[in-house]
Structure formats: C-alpha cells, structure tokens
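**Student:** Sending over a structure as structure tokens; questions will come in a sec.
The values are calculated or read from the model by the stated rules, or taken from the named source; none is laboratory data. Just so it is clear, the structure is predicted and the values come from calculations on it, not from any experiment. Ideal geometry is used to build each Cβ from the backbone, glycine not excepted, and the neighbour counts take in all protein chains shown. Quick note on the areas: whole protein, heavy atoms, side chains included, nothing else; ligands and nucleic acids left out. Shrake-Rupley method; radii C 1.70, N 1.55, O 1.52, S 1.80 Å.
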Amino acid sequence: MEKVSRRRFMQSSAILTFLASVQPQHLFASTKKTGGWDVGRQVNPQIDNMRVVCGVNPAMISKNPLSWQPEDQNAVVNTAEVDRTLDSMAVSLAQKSSPTESWATVFQKPNGKQWGELKVAIKVNCNSKNNARIGIISKVCRELNALGVPFKNMIIYDGRSNAWPTYSPFLNKGLPDGVIVSEGNKALGGMVKVALPWENSKKFNCTKGMVDGTVDILINIANNKGCDEAFGQTTLTLKNHAGTFEPMPLHFGGGIDYLMAFNRSKEIMGTTTPRQQLCIVDSLWGMRKGPFGVPEERMDRIVMGTFSPAVDYLTAKKIREPMLGVSHANVDKFLTGFGYSSNDIHELVMATL
Amino acid sequence: MIPILLFALQVDAKVKVKKLLITTQQQSWIEQKEITKKFTAKGLFEIINGGAVEYLNQGLVEGIHQQFSNNDGKTIEVFVEDFGNSEKSTNMLSSKKESFPDAGQLTGVSDVNAFSSKAIGALIVVGTLQNFYIELTISGFTDQSEMEKVAISFLDYYKLQLK
C-alpha cells in the first residue's frame, strides 16, 4: 500500500490547487533548466511525475512460451487480463473513478487540435527477442482510439532494430485494423540532424516526426532488460529512445550523458504540450542482463507512469533488484538529470489483481 | 578443470572467423539469411546495442551472427567470435559464466569447454573452441536434452571446420 504523509498530502493538494488555476503553458515557466529540461515541469498537470504504478497479475500469462519467436511469446499472453490490469493501473495512476475517465486524463490533446487529427508514435524495443507484447500495445491504441485518434494515425516504430519483422505478423491479427508498423523509422520520415541540450557544437540524428512536430503524442513501451553499467545497467524507457535518436554515440563517448540529453530534449518531451505522455515497462518477463538475450524470470508485472526517469528508477529499485537480484549503478542519475533526487520519489504504487 | 587445462594446451587456430560461417544446410535447419552478419569489434554495438563492452574488454576481434529455424518453429541463434587466442576466449567464457549461476558443464562433446543454462523458452550454450568463443541460443523445444543434442551437433560442426 502506498503511504502518503500529511505533509506530502498537503503539498500535493497545494500543487493541484495551483495547477487547476493556471494555463498549461505557465507550468513550464520555471527558473532553472537542466540541459534543456525545465526543472519541476509536470508532464501531466493532473498526475505527479513521481507517481508510478505497478500492475501485478499472474493471470496475464497462461504459461511460459516455447520460444521467443513473436508468435510464441504473444500466444501465452491473456489479452483480456492485460486489458483488465492496465485499466486498473490507469485508475491508480490518474486517481479517477473509472478507466474511461482515467485514460482520458492520461492522454493530453494539444490546444487547437482535434483528437482525430493527432498522430501518435509508439516506440518499442525490438533489440533481440523479448519485445513489448501485442496485448499492451493494442490496449494503448484502443484507448487512444476511444478518445478519437484514428488507428491509421498510430505508428509503431523502432528506428534502431526495426519493428517490422516483429510486429507486422500481427497487423489486423492482434493489432487494431489500421495501425501502422514502420520499417525502421521510415513511416515517421526517417532521420534528421538535430542539436541536443548537451554538446552544443554537435548534432545528432533523430526521428524526423519528433523534430518537425508531426508526432503529437509519443508512447514509450519498453521491456524489463539489463544493460551496461554505463547506462545504469537498465534497458527500460530511457534507453528505449536509442532508436528514436541514433544509438551509436552512447557507445563511443556519450554514455549516460548522451542518454539523459536526448531524453531531456524537446523532441522527446515536447514543448507546450508534452509529447511523451505515457511510459510503460512490459515486465511480464525479466532479464538480468541484456538487452540481447532471452528472459530468465517470469515476473507477471507491468509498470506505468508519465515520467520516464521515475518509471525506470522505481523499476530498477523495486522490481529488478529484489526480484532479479541485480544491482544498478548510476540510476540516481536518471533522477538528478531531471533535477530530482531519490528523496523526491514515492513508493511504487501496487495494483494487484 | 581438466577440460580447460587440455584446452589451454592446444595451439590456437590461425583461421578467420568466416571459415565458421555456415553456408550449407545443416540437417533440417534453414538459415535466416536476413539475420546473417559479419561484424568487427565496433560493429558488435550495432547488433546488440548494449552489453557489448564486456566482449570488447576481453579482446573481441571479429565475429559472425546467424540464425536458423526449422518448419516446427524451432530456432537456433549463433554468435561465433574470434578473440585472437584461446586464453582470451576462455576468459570471455569465464566472464559470461558469472551471469549464469545455475549453469552446468555441457557433456557429450570433446575438446570443447562449454556450459549450458536453461532460460525460459530456451537453452543457452556457451563454449570455446581454440580462439573462438561461441554462444548458442536454442528454443522451441520442450525437452532440454534435445536442445543439448542440437548444441552438440553445431559445436561438432565447428570443430570439424577447424581441423
């Protein structure tokens, strides 16, 4: 159970009262910047950045897969239970009375645009064989569609590992009719150079749709995987954008500084309206190492929040460390890189079904 | 210990890793040619994008990545990597073994120092042959012993190529 101190409750109430009284653009007018990120900015004015929910439901998996071929790893997932779990998590995340109201709170429409005009990009991690399950992607697509976003405006992509071989077999067979699976990031215009709030003299390749503003909403669906110590030993939602931005500078001098720089960028986080609005870690199975390889443990969990540093930090500390027995260096940098510290973060909110 | 000692006494092969590229069909295994790739040390980052540092620290020179499947949905993914000499390939094996606390020695194949570890939906086999370090991921089987037989058949093939 989540514990809320009186002090924290009073702080939250004061913040919510304040948020209700101002226009969204005022939320971003802060006095301090951390590499392009306005410290204190709320991704969603109705959901605390630090609020992260973990859904636990063993009924989401009928049995372990025979192999990690895309068809096999999805065949053992009970999509109705995934739906039920994600609905419960959305209610817990948004703290509303119904799933419908909760999903409508999670997703934000830019001023001056209609839901039917919006374009949504869904970043998945297709590196190796443990990939975001169709049930989770499909549920997110259907909730956006319920708000009015046409399926044909939703694009699943991985600019680094190519989502096409993994997800195209599910077009109209698990993925809603009309959803697009991109070859690399072609359906989002390919890559263009962009400056990052890091090394001013350098430009880095980024998925064009994030640069020219054609993508209104960015959904980040990662898996529970490890990685090199240099990146906090996790391949979660932050690392997932090595594929929205070019990944190679990570390995040749950039390290966690480059990782944090592209995650703080306006291309990922948006400007007036937040672009990355929802971050999910499909933790049905988990990998101690990675990102290459196959899972060692069944975990029966999904993690969700609006703010990727908090999602990754809590997934590392509250799931990977106790359940997989791994340790993580550098995950504090996920928070400090955005102007927070581990003192600011709440407990993982559990939604057990 | 004995297999490692015997192995260390062998003379390192002076063949290129491309000699271990499988180009002819092995039993019922069909090569997924779109996966096949030769890579240098730097190129490993492009394949695994994280996790490559240990391989480079241990002295990876070059390698090949292949995947095979059969009509029953069974697959075998292969990394064969040249570490320059048997000491380095053995060091890589030892380093990798730390990630698999439940690993057991693979028996049934001579002159190869190898361990296997059961993962969900797969068997992972890691071994060394002279200066080459080999990782096999076999999946789609219900029987572990069947997966071990497949691994041994691939290791035997590589041994044959190095003779």
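**Student:** Does any residue in region B:139-160 that is more than 14 Å from chain A (Cβ to nearest Cβ) come within less than 7 Å, Cβ to Cβ, of a residue that is in a helix (DSSP H, G or I) and not acidic (D, E) six or more places away or on a different chain, and which pairs are these?
**Tutor:** B:Y158/B:L20
Let's see how each residue does on (1) in contact with a Lys or Arg (Cβ under 8 Å, 6 or more places away or on another chain); (2) within 14 Å of chain B (Cβ to nearest Cβ):
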{"site": "A:Q69", "(1), (2)": "yes, yes"}
{"site": "A:N78", "(1), (2)": "no, no"}
{"site": "A:V82", "(1), (2)": "yes, no"}
{"site": "A:S98", "(1), (2)": "no, no"}
{"site": "A:N131", "(1), (2)": "no, yes"}
{"site": "A:V140", "(1), (2)": "no, no"}
{"site": "A:E143", "(1), (2)": "no, no"}
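**Student:** I've got another one for you. If I ask for residues that are away from chain A (no Cβ under 14 Å), aliphatic (A, V, I, L, M) and over 19 Å from B:G140 (Cβ atoms), which ones from region B:17-42 would you list?
**Tutor:** Residues satisfying the conditions are B:V17, B:L20, B:L21.
**Student:** Yes or no: region B:118-132 includes at least one residue that is in contact with an Asp or Glu (Cβ under 6 Å, 6 or more places away or on another chain), open to solvent by 70 Å² or more (accessible area, probe 1.4 Å) and either of a type in the set (G, A, S) or under 30 Å from A:G255 (Cβ atoms) (or both).
**Tutor:** For region B:118-132, residues in contact with an Asp or Glu (Cβ under 6 Å, 6 or more places away or on another chain), open to solvent by 70 Å² or more (accessible area, probe 1.4 Å) and either of a type in the set (G, A, S) or under 30 Å from A:G255 (Cβ atoms) (or both): absent.
**Student:** Considering (1) at pLDDT below 50; (2) open to solvent by less than 30 Å² (accessible area, probe 1.4 Å); (3) of a type in the set (A, V, I, L, M, F, W, C), say which one A:F18 fails and leave the rest.
**Tutor:** So the condition that A:F18 fails would be (2).
**Student:** Restricting to region A:74-102, name every residue that is among the hydrophobic types (A, V, I, L, M, F, W, C) and under 17 Å from A:V52 (Cβ atoms).
**Tutor:** Hits for region A:74-102 are A:L86, A:M89, A:A90, A:V91, A:L93, A:A94.
**Student:** Can you tell me which residue in region A:170-212 is nearest to A:N131 (Cα to Cα), limited to those that are among the small types (G, A, S) and modelled with pLDDT under 95?
**Tutor:** Here the answer is A:A195.
**Student:** A follow-up question, please. Go through A:T273, A:T207 for me and flag whichever is touching a Leu at 6+ places or on another chain (Cβ under 7 Å) and away from chain B (no Cβ under 11 Å).
**Tutor:** A:T207
**Student:** Just wondering, is there one or more residues in region A:235-249 that are within 14 Å of chain B (Cβ to nearest Cβ) and open to solvent by 30 Å² or more (accessible area, probe 1.4 Å)?
**Tutor:** Checked region A:235-249: at least one residue is within 14 Å of chain B (Cβ to nearest Cβ) and open to solvent by 30 Å² or more (accessible area, probe 1.4 Å).
**Student:** Another question, if that's okay. Only one of A:Y313, A:Y340 is surrounded by fewer than 24 Cβ atoms within 10 Å (Cβ to Cβ) and of a type in the set (F, W, Y); which?
**Tutor:** Being surrounded by fewer than 24 Cβ atoms within 10 Å (Cβ to Cβ) and of a type in the set (F, W, Y) holds for just one of A:Y313, A:Y340, which is A:Y340.
**Student:** Moving on. Since A:N330 meets every condition but one in (1) open to solvent by less than 20 Å² (accessible area, probe 1.4 Å); (2) more than 17 Å from the chain's Cα centre (by Cα), which condition does it not meet?
**Tutor:** (1)
**Student:** Right, next: Could you run through region B:23-40 and say how many residues are touching an Asp or Glu at 6+ places or on another chain (Cβ under 7 Å) and either open to solvent by less than 20 Å² (accessible area, probe 1.4 Å) or of a type in the set (A, V, I, L, M) (or both)?
**Tutor:** Total satisfying the criteria: 1.
**Student:** State whether one or more residues within region B:145-156 are surrounded by fewer than 23 Cβ atoms within 10 Å (Cβ to Cβ), in a loop (DSSP other than H, G, I, E, B) and either at pLDDT below 95 or not β-branched (V, I, T) (or both).
**Tutor:** Scanning region B:145-156 turns up no residue that is surrounded by fewer than 23 Cβ atoms within 10 Å (Cβ to Cβ), in a loop (DSSP other than H, G, I, E, B) and either at pLDDT below 95 or not β-branched (V, I, T) (or both).
**Student:** Open to solvent by 10 Å² or more (accessible area, probe 1.4 Å) and touching a Leu at 6+ places or on another chain (Cβ under 9 Å): which single residue out of A:I302, A:I280, A:I256 fits that description?
**Tutor:** The unique qualifying residue is A:I256.
**Student:** Which condition number in (1) in contact with a Lys or Arg (Cβ under 8 Å, 6 or more places away or on another chain); (2) buried (at least 23 other Cβ atoms within 10 Å of the Cβ) is the one that B:A103 fails?
**Tutor:** Result: B:A103 fails condition (2) only.
**Student:** Can I ask one more? Considering only residues that are more than 11 Å from chain A (Cβ to nearest Cβ), among the small types (G, A, S) and either open to solvent by 20 Å² or more (accessible area, probe 1.4 Å) or under 25 Å from A:A230 (Cα atoms) (or both), which ones fall in region B:43-97?
**Tutor:** B:G59, B:G63, B:G84, B:S89, B:S94, B:S95
**Student:** Would you check if A:D312 is under 18 Å from A:W37 (Cα atoms) and at pLDDT 95 or above?
**Tutor:** When the stated conditions are applied, A:D312 passes them.
**Student:** Could you tell me whether A:V149 is at pLDDT 95 or above, open to solvent by less than 30 Å² (accessible area, probe 1.4 Å) and in a loop (DSSP other than H, G, I, E, B)?
**Tutor:** So A:V149 fits the description; yes.
**Student:** In region A:177-207, how many residues are open to solvent by 20 Å² or more (accessible area, probe 1.4 Å), within 22 Å of the chain's Cα centre (by Cα) and over 29 Å from A:I256 (Cα atoms)?
**Tutor:** Number of matching residues: 1.
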